[in-house]
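Visitor: Can you read through this structure? Questions will come right after.
The values are calculated or read from the model by the stated rules, or taken from the named source; none is laboratory data. Values in this document were obtained by computation on a predicted structure and should not be read as measured data. No Cβ is skipped: glycine too gets one built from the backbone with ideal geometry, and neighbour counts run over all protein chains shown. Heads up: the accessible areas ignore ligands, DNA and RNA and are worked out on the full protein's heavy atoms, side chains in. Shrake-Rupley method; radii C 1.70, N 1.55, O 1.52, S 1.80 Å.
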Amino acid sequence: MESESTTSSAQVNGNLAQTVADLSKHMLELDEDDDLEVFIQDALINQYKLEEQDIKDVFITVDCPENHVTSIETFVTYRVITKTTRSEFDSSEYEVRRRYQDFLWLKGKLEEAHPTLIINPLPEKFVMKGMMERFNDDFIETRRKALHKFVNRIADHPILSFNEDFKVFLTAQAWELASHKKQGPGLLSRMGETVRAVAASVRGVQNRPEEFTAMNDYVETFGQKMGMLDKIAQRIVKEQKAPVSTDIVEYLEGMKECGPVYTLWSGSEDQLVEPLKAIAGCIDNCCKVTEEQVAGLSENQVPILHEYVLCAETLKAVLRRRDNIQAEYESKVDALASKKADKENLKHTDLSFVFGGFLGKNTEEAKQQKEQRLDCEMKELKEEIGRLEDKVECANNTLKVDWERWKRNMQGDVKSAFVDMADTNMNYYKKVCAKNRGFPSMKL
């Protein structure tokens, strides 16, 4: 079995090497006038072909949560075990401990490196009122499952799984990870990026492609529908688990109280002992089966629905980042047009240099100096526009391909969730009928 896995991994690495060689050859053959879009699209298509081979070479497990109490804070860490056959890893197995903040750091680094790739969301950082306590065992287990799914979705991604920060996250010990985090961009650099992003978002996009407008509309509708489904599912779980008021006891709690009542009653009625005990047994069976149904709903269906509620916000953020890249490109194009207009105006007037003439300056010389300065600025802008044009094209193609990949995964997950829910309900009614099959035939 191990030899087959090694052979499969070798085949993948061989295919990857051949793909890289083909792309390098193709890039060298490009003429200066060739459109870069062709090369970008070919690169993306070849990258995603690896995914379709359906060969997994990174296996990650998140388990064994531990509480840590220090003089400053209390937190939970999780064991992360990685097994891989990739050659870029120095070992085939790693075991590290990570806390929630480390997962949050990883997500931020992936978004920074790949702004238009869709990275599945992490579970919420804060626990809102009415939900489980932060260090409650159920809450920790729910978060562990979500973190396990998060890192495995990254490991399954054909691009994100090769990110260097992801490798460090999986392999570095705690002190090594802390040192690696400090190597990131400084505060001023991050502030500059934030200011540019805010400026781009305020300016907005002038000519957003129709397909991305359609994506925005889809995400809005998707978020509303998933939010409604999530609320309904959580309400079902809440109503079946606990009473909603002091006067009305819900179905499950009521059954738990009724069973012992019939058992006690049977002790005082000699002629009704068997029927009353049968009723008590029937209620107890229904209670156990209902608990199983609620547990299945809360452990399987609710997390999937809630994950895609959070994913709707993630998609909005990805589309905003794509818009910011295009907005930055459009601002440079507008700046170049403005510079060209200024240069054109120099040919028709020199009124702006009249004041300089009073100071003894040669207006023609000043005019030439400004024209040279404009030429220099226009040259820089053209270079910047060329770079941003490639960046926009790459961002668009990356998002389009990853969007299709995300939709396939989403449709499979949601379909599986509802099919499982239907199976759970069918099994619930079958079990109830099977356990109570003899009850109607009893005679009092």
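Visitor: Can you tell me how many residues in the stretch 62-89 are closer than 14 Å to Ala174 by Cβ, free of Cβ contacts under 8 Å to residues at least 60 places away in the same chain and under 27 Å from the mean Cα position of the chain (by Cα)?
Guide: So the count comes out to 4.
Visitor: Something else about it: Take the stretch 51-88 and flag every residue that is in a loop (DSSP other than H, G, I, E, B) and open to solvent by 30 Å² or more (accessible area, probe 1.4 Å).
Guide: Correct list: Gln53, Asp54, Ile55, Lys56, Thr70, Ser71, Ile72, Glu73, Thr85, Ser87, Glu88.
Visitor: May I pose another question? Among the residues of the stretch 89-119, what is the count of those that are part of a loop (DSSP other than H, G, I, E, B), in contact with a Lys or Arg (Cβ under 7 Å, 6 or more places away or on another chain) and open to solvent by 60 Å² or more (accessible area, probe 1.4 Å)?
Guide: Adding up the residues that qualify gives 1.
Visitor: Is it true that Asp402 is within 23 Å of Val309 (Cβ to Cβ), at pLDDT below 90 and either among the charged types (D, E, K, R) or outside the structural domain of Leu336 (by the TED database) (or both)?
Guide: Numbers: within 23 Å of Val309 (Cβ to Cβ): yes; at pLDDT below 90: no; either among the charged types (D, E, K, R) or outside the structural domain of Leu336 (by the TED database) (or both): yes.
No: the conditions fail for Asp402.
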